[in-house]
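Reviewing the structure listed below.
Taken together, the values in this text are just the output of simple stated rules run on the coordinates, not laboratory data. Note that this is a predicted model, so its numbers are computed, not measured. With ideal geometry, Cβ positions are generated from the backbone for all residues, glycine too; neighbour counts draw on all protein chains shown.
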Amino acid sequence: MSSIELTPSQKTILTALVNLHGETEDAVKGEDIADEVDRNPGTIRNQMQSLKALQLVEGVPGPKGGYKPTATAFEALDIQRMDEPASVPLAHEGEPVEEANISEINLSSVHHPELCRAEIHLQGSSRDIHEGDDVTVGPTPLSKLLIEGTVDGKDDTNNILILQLNEMVAPAEEPEH
């Protein structure tokens, strides 16, 4: 865990930068970050100055410029970077969300069928997903776990969806590994 303490606003903006940067690997314009987090571009510029001072962001000058996260940014957000992360798909209302990948699934209250919840940590934008929406997660690479549920809550700062589970399926055959 990182020793850098970020404000919720800094964490939201840095998470948006990391997500947008991950889609193209190019510098991200402040206006794009502002659109993603529904803030004023001036607010983003001000926050970027403090994130630069913390060495979490680097500025890229020029017409194709913008901002890029540093390796320290990934540590501060506790995001593990991998060259080729396994793909764990996410579908929203039956449609694949191409720019999202699931990084972690935490299950709670699995012993109580009516209260079973899943905490889904995702990399990518959850901006268009709202409470009451149906989502499908998986299948996961090894166990082929597939989760279907309804969004019960969201934590945009940490990119987490809380699902009320409708169904959870893992095939009984031996996994291929």
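Values for this structure:
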{"quantity": "For the chain, radius of gyration divided by Kirkwood radius, i.e. Rg to Rh on alpha-carbons", "calculated": "1.01"}
{"quantity": "CD proxy at 222 nm, helix term only [per DSSP H run n ≥ 4: -39500 (n - 2.57); per residue of the chain; nearest 500]", "calculated": "-7500 deg cm²/dmol"}
{"quantity": "Spatially near lysine pairs across the chain, Cα under 26 Å, sequence gap of 8 or more or different chains", "calculated": "13"}
{"quantity": "Degrees between helix 8-24 axis and first principal axis of the chain (Cα, 0 to 90, nearest 10)", "calculated": "80 degrees"}
{"quantity": "Angstrom value of the Kirkwood radius, inverse mean 1/r, which spans all Cα pairs in the range 1-68", "calculated": "12.0 Å"}
{"quantity": "At R0 = 25 Å, FRET efficiency that the Cβ-Cβ distance of ARG127 and ALA170 yields, to 0.05", "calculated": "0.25"}
{"quantity": "At q = 0.24 Å⁻¹, base-10 log of I(q)/I(0) for the range 120-177 (Debye sum, equal scatterers on each alpha carbon)", "calculated": "-0.94"}
